[in-house]
Amino acid sequence: MSRLPTLLAGLQLAAVSAAGGAEDGLKDLYFGEALYYAHQGEYFAALERLDTELAQHYGLDEPALDALHYHIGDAEFSVGDFELSYRMHHRAGRAIRAVLEGDVEESVRNEAAYRLARIHFQKGQLADALHALERIDGRLPDGIESDVEFLRANIYMATERSPDAVEVLRRLQGAEGLAGFADYNLGIALLQSDRQGEALQQLDRAGGIRAADEAALSIRDKSNLVLGTLLMESEEFDEARQALDRVRLEGPLSNRALLSSGWAAASAQDYDRAIVPWSILAERASTDAAVQEARLALPFAYSQLNVHGRAALLYGEALQSFDEEVERLAASIDSIRKGRFLEALIREEIRQDKDWVIRLRTLPETPETYYLMELLASHDFQTALQNYLDLEDLRVKLESWQSSFDAFEDMIGLRRAYYEPLLPDIDGQFRELDSRIRLRRQQHELLDDRLQDLLVAPRPEFLATTEERMLSEQIARIEGALRGAEGARAAELRERARRLRGVLTFTLRTEYHERLTVFDEHLRSLQQAIDLMTERYESFVRVRQAAVHSFEGYEVPIRRLRTRVRDSLATVGLLMARQGHALEVVAINELNARRERLDNYRDQARYALADSYDRATKARAEAERAAADAPEGAPGPQASAVDPQGERP
Amino acid sequence: MRSLDEQVQEIKADVLGIARDLTLLEERLLYPSNTQVAVFVDLAAGETFRLDAVQLQIDGELVAHYIYSFKELEALQNGGVQRVYTGNVATGSHEITVSVNGKLQSGREFSSSRSFSFSKGVEPKLLGLTLAADSGEAGIELGDW
């Protein structure tokens, strides 16, 4: 019994848990957008959004001012989670490792170490996983202490350190969020530590836990199935049956439990009891291996009870169902070989449905998909199928991008055709305006300097009106003309000029402060006009730049992207062909193995059918002969029993 | 099989890189920062009402009408934020009108509408709409980011 994959299933509890955001709510809308896609299982879109956001964040001069700064730890963790969910195990962990190496708080570093350990564990790198856990030192964020210890126990179990795992798991009994999982894993760890008795007791406890959610119910079923199987191996058939009967009738493990429950009863020679679970099972979907076995086991039980007629009838029905099943398998294999299986898998209208696997297998025209559910039980098939579907998604994306380049180029061409003829004329007008604007700015600066000078050293004449300046010049001319003139008339005129100068000076000096205030007010309002002009100027420059940027500088990036898309499309096509072939091979091998098993069942059924007919006929003949010979009212003879192991399929 | 799996992972990384560069190129080409406006929708913490549709008008013109699937609604209820619209507007003042349809926990259907003013500068404008159904009534709040 290979237990590792079974017991490690519990770790799925701690699957993607993209954190909501900073303590007081979401600060970065694009991070929220990445979570929106992740919550829908669209990890490509989530990664693309978050990768872009992180790249832009780290490209900033001051990342601390960016909204993502508040979520940077969560964002790095989420990248790892998304990469794992998108089955990019190789890349998963890079971002988290960066957090671990960075200058972060103790609790953040410890959470990073835990998440990194989880990624290593899921990648099967057990030593690295343990090493990452050993880096945890000090305080852990609330709510993950149990998860850390549960992971540690799982690593111990996977590295054959089961006694250590037992110690850890004992401490986790009753831990919130691990109900059932810690119990079940403790049972398995005890079993691996060769403590069979304690293991059985623990699995019994795990199989009896109260559970409400589907995950806990499933692990409870698993505990009971494992317990029942172990008890059967120990030939404790009654106890085994009791454990197996606790498995839910509608759960995913119910078929195996019903089959084993029947065998537990049959092994105890209690064929009446064996008939009950096998009868239920025999009515279920015929593709399931347990159902097929039950169809052979049920008539066997009847034959052991000497009900040979019923046994013969049921062998006949089993034979017919095996024939039909073999026919269907042959058709499926044939269809897969013709490539129809891969075509069916990628049918878009089917994959829109969340239950697409179930829907696909019910389509009457697709025999190749009938066994999909059963094939999905194989890990190799699951991996191959997921890869194939992911590749198909990539192919669709790449093809859509390829066609969008033409649209981009058309758009750029139209913009160029519109702007290019306009720009020379606009640039000419702008140059003229630009020189006028520069002049006005210089004038404004000059006046501003003058105001500053006046505040330091008052110069009333600087605030003279035009009329006053003309008057002052006229007085100066008169004064100049009178210079050197003699006589009373000249003296009188000189005196009049002096009075006029005096009146002018008086006006300038007495009105100086008032004029300075007005000058200041005018300069302020001029500043507003200059600000508006500057704003318009800058706006024009931006619009002018935007016009050029709307068609310049795209040629090289588009050409490069076009090449990358083309190359990727070729690679995707190649990988799809290889992956598809691998998928077909796995599917055909699996279906062939099923056919071989059914062929074997058919042989057994044919032999058992003939034998049951013989016995039934013989019994009837003996009964008739006895009835004829015996006196009236005497009981008939009993048919002979056969060895159950000899007929067991 | 393992080697093939590794190759699949590599091509995924390559295509993600293309997607990232293409997104940046598209943004530059279609929504330059001086005209870009993006509207995001999220639900207030703990909200469980059923959001059916959101309709957006900017300056009286219908720019987005989104109908939610169950999966999308769940993603919003789990803290996801949806970018419902990205477009272009001129710098200056604008008005956005948001209409919401849905069903309250009481089973009553509701329809609510609110208008907000916003100012577009030279940098990209991000508007966050937070929807709630406090005291049985639908509430729409606009956050500036």
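Rule-based calculations on the coordinates, nothing more; no lab input. Worth saying up front: this structure is predicted, and the values here are computed from it rather than measured. Here Cβ is always computed from backbone atoms with ideal geometry, including for glycine, and neighbour counts include all displayed protein chains.
Starting with the highest mean, order A:58-64, A:525-531 by the number of other Cβ atoms within 10 Å, averaged over the residues of each peptide. Don't skip to the end; give the middle numbers.
Numbers: A:58-64: 9.4, A:525-531: 12.0.
By packing density, highest mean first, the sequence is A:525-531, A:58-64.
If I take R0 = 41 Å and measure r between the Cβ atoms of A:GLU62 and A:LEU126 in this structure, what FRET efficiency does the formula 1/(1 + (r/R0)^6) give, to the nearest 0.05? Could the numbers behind the result be given before it?
Working: r = 41 Å, r/R0 = 1.01.
About 0.50, to the nearest 0.05.
At a Förster distance of 45 Å, what's the computed FRET efficiency of A:GLU555 paired with A:ALA529, Cβ-Cβ distance as r, to 0.05?
On the way: r = 42 Å, r/R0 = 0.94.
The calculated FRET efficiency here is 0.60.
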As straight-line cross-link partners of A:LYS123, the qualifying aspartates and glutamates (C-alpha separation under 17 Å, not fewer than 8 residues apart within one chain) are A:ASP81, A:GLU83, A:ASP380, B:ASP5, B:GLU6, B:GLU10
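Restricting to Cα pairs below 8 Å that are 6+ residues apart, what does the relative contact order work out to for segment B:32-144? Please round to a whole percent.
Values: 255 pairs, mean separation 40.6, N = 113.
Dividing the mean separation by the residue count of segment B:32-144 yields 36 percent.
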Counting Lys +1, Arg +1, Asp -1, Glu -1, what net charge surrounds A:LEU60 among other residues with beta carbon under 12 Å of its beta carbon? -4
Pair B:PHE70, A:ALA546: separation of 7 Å Cα→Cβ label points (nm): 4.4
Build a GNM of chain B with springs between Cα atoms under 10 Å: which of B:ASP21, B:ASP52, B:ASP42 gets the top mean-square fluctuation? B:ASP21
Remind me, relative contact order of chain A in percent, using alpha carbon pairs under 8 angstrom and six or more residues apart? 10
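How charged is the neighbourhood of A:SER321? Take every other residue with its Cβ under 13 Å from the Cβ of A:SER321, and add Lys/Arg as +1 and Asp/Glu as -1.
Details: positive: A:ARG284, A:ARG295, A:ARG328, A:ARG602; negative: A:GLU283, A:ASP288, A:GLU293, A:GLU317, A:ASP323, A:GLU324, A:GLU325, A:GLU327.
Surrounding charge for A:SER321 is -4.
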Compute the distance in nm between two label points, each set 7 Å from the Cα along the Cα-to-Cβ direction, one at A:GLU445 and one at A:PHE506. 4.2
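May I ask you to list the GluC sites (Glu not before Pro) in segment A:449-494 that are in a DSSP loop and have at most 13 other Cβ atoms within 10 Å of their Cβ? Don't skip to the end; give the middle numbers.
Details: sites: A:GLU461, A:GLU467, A:GLU468, A:GLU473, A:GLU479, A:GLU486, A:GLU492; in loops: A:GLU486.
Sites meeting the loop and neighbour criteria: A:GLU486.
Looking at the square roots a ≥ b ≥ c of the eigenvalues of the Cα gyration tensor of chain A, which shape do they give, rounded for a/c under 1.5, prolate if a/b is larger than b/c, or oblate? Provide the component values of the computation, followed by the final result.
On the way: a/c = 5.14, a/b = 2.99, b/c = 1.72.
In terms of gyration-tensor shape, prolate.
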Counting other C-beta atoms within 10 Å, and keeping those with at most 12, which DSSP coil trypsin sites (Lys or Arg not before Pro) do you find in segment A:203-235? A:ARG210
Read phi for every residue in segment A:311-318 and hand back ³J(HN,Hα) as whole Hz from Karplus 6.51 cos²θ - 1.76 cosθ + 1.60, θ = phi - 60°, with x for Gly and Pro. 4, 4, 4, 5, 4, x, 5, 4
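Mind checking the dipole of chain A: about its Cα centre, +1 per Lys or Arg Cβ, -1 per Asp or Glu Cβ, Debye to the nearest 20? Don't jump to the answer; show the numbers that get you there.
On the way: 81 positive and 112 negative charges, 411 e Å.
Its charge dipole is roughly 1980 debye.
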Provide the FRET efficiency to the nearest 0.05 for the A:ASP427-B:SER33 pair, computing r from the beta carbons and using R0 = 30 Å. 0.80
Excluding same-chain residues fewer than 8 positions from A:LYS27, which lysines have a Cα within less than 24 Å of its Cα? B:LYS71, B:LYS120, B:LYS125
Built amide H within the under 5 Å cut-off of B:PHE110, gap 5+: B:GLY102, B:LYS103, B:LEU104
Quick calc: nm separation of the 7 Å Cα→Cβ label points for A:SER435 and A:GLN386 -> 7.1
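Relative contact order, percent, of segment A:427-555 when contacts are C-alpha pairs under 8 Å separated by at least 6 residues? List each step's numbers first, then the result.
Values: 29 pairs, mean separation 45.3, N = 129.
With pairs under 8 Å counted, the relative contact order is 35 percent.
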Work out how far the C-alpha atoms of segment A:427-555 reach from end to end along every principal axis, then list the three figures in whole Å, largest first. 91, 29, 20
Acute angle (nearest 10 degrees) that the helix A:72-85 long axis makes with the longest principal axis of chain A, alpha-carbon atoms: 40
